[in-house]
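The values are calculated or read from the model by the stated rules, or taken from the named source; none is laboratory data. Values in this document were obtained by computation on a predicted structure and should not be read as measured data. With ideal geometry, Cβ positions are generated from the backbone for all residues, glycine too; neighbour counts draw on all protein chains shown.
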Amino acid sequence: MTVQHGFARRRALALMGGAALSPLAPFAPLATLAHAASGEPTFPSETPIKVLIGVPAGGTQDVLTRAIAQEVRASIGPIIVDNRAGASGRIAVDNVKNAAPDAHTLLLGTASMMTMYPHAYRDLKYDPLKDFLPIMLAARFELALTVHKDVPANNLAEFITWAKAQGERVSFGSYGAGTPSHFLGEMLNRAAGLKMVHIPYKGSTPARQDVMGGTIPVYFDTVGGAITMLETGRVKALATSGPVPSPLMPKLPCFAQSGYKDVVATAWFAYYAPRKTPPAAVETLRREFIRAVKVPAVNDLLLANGMVPVGVGADELVATMHEDSARWAAIMKATHFQAND
């Protein structure tokens, strides 16, 4: 209850903070757009930086970018959020790929965009490593195994025993086919010898409604979403998906420490620039973005919205991309998954 009530309090604070940040406060830049002798952009800049986000306005990605924007406006200049929803985020990716490499059009990339889609789509129009320069890995989030309150299991071991006995009569929901939520369920099926049947939803809201109502017994949600549902008393959370317990639910074991070392699924948000963006400009953005994520107020805001602050640079981001790409490729091959939109 302590974690849940604390999370609820932080969410309330985050909502107040989000109201203050949206729209971004007017910014009077310290200097107009300048160019070094080489013609490269320098900062602060009078021209706003656009961060393209592949989902509709109002979500956690907006919260993250606006929080960073507030912290870097004096050193870099104004940053605006440009929501380009559609095609599961691929519209935003394609727009940034083809944007002028002037450090003023950036992408907030997700784990799905940059490590899952290359294996899911036959005709993807971008290469995450060849078409973009990684700036920084900003935040991550884990998932949680949640079950309806009437499922006769209070921990992961009891759940595995129950689900094995039920066979294909157990269904699990995800917030979409081809998402970390979907593949976490498939990983657990394979690792524990289960036969749960996947039920994909179009987003987290209907899936949460159905697991809380008992329409489906099992749902793999984000940890933040799981905590919100726990407050209703209608679900139980049994395990999380990171390599270690989630900072948001530190007392709940993760699959890896419960004997299922290969059941690991994390998602993340990271910033990218078009491939030919001048390195000096990218380094400035990287330094300032990392600094912003480490500000205590930003940390608190991210945690309140279910994100774990990271704030690391290009080397760590690329390593994460390689590791996750291999993980998703393996589970997609094992389940014969192919995206069809």
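A few notes on this one:
So that you can scan it fast, the table gives a plain yes or no per residue for (1) surrounded by fewer than 20 Cβ atoms within 10 Å (Cβ to Cβ); (2) in contact with a helix residue (DSSP H, G or I) (Cβ under 9 Å, 6 or more places away or on another chain); (3) without any contact (Cβ under 8 Å) to a residue 40 or more places away in the chain:
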position	(1), (2), (3)
289	no, yes, no
304	no, yes, no
308	yes, yes, no
312	yes, yes, no
316	yes, no, no
323	yes, yes, yes
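- Scope segment 160-198; condition farther than 18 Å from residue 238 by Cβ, among the β-branched types (Val, Ile, Thr) and modelled with pLDDT of 95 or more; matching residues: 197
Let's see how each residue does on (1) of a type in the set (Asp, Glu); (2) at pLDDT 95 or above; (3) not in a loop (DSSP other than H, G, I, E, B):
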residue: 283; (1), (2), (3): yes, yes, yes
residue: 290; (1), (2), (3): no, yes, yes
residue: 306; (1), (2), (3): no, no, no
residue: 310; (1), (2), (3): no, yes, yes
residue: 322; (1), (2), (3): no, yes, yes
residue: 326; (1), (2), (3): no, yes, yes
residue: 338; (1), (2), (3): no, no, no
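- Sub-8 Å Cβ pairs linking a first residue in segment 186-198 that is touching a residue at least 40 places away in the same chain (Cβ under 8 Å) to a second residue that is of a type in the set (Asp, Glu), at least 6 apart or interchain, are 187/262; 191/262, ordered by first then second residue.
- Residue check: residue 219 meets all listed conditions (1) surrounded by fewer than 21 Cβ atoms within 10 Å (Cβ to Cβ); (2) outside the structural domain of residue 305 (by TED's automatic domain parsing); (3) not β-branched (Val, Ile, Thr) but one, namely (1).
- Every residue from segment 114-141 that is within 11 Å of the chain's Cα centre (by Cα) and either surrounded by fewer than 24 Cβ atoms within 10 Å (Cβ to Cβ) or at pLDDT below 95 (or both): 140, 141
- Residue in segment 161-175 that is closer than 16 Å to residue 223 by Cα, surrounded by fewer than 23 Cβ atoms within 10 Å (Cβ to Cβ) and not hydrophobic (A, V, I, L, M, F, W, C) present: no
- Given (1) in contact with a Leu (Cβ under 9 Å, 6 or more places away or on another chain); (2) crowded, with 19+ Cβ neighbours inside 10 Å, number of the condition residue 229 does not satisfy: (1)
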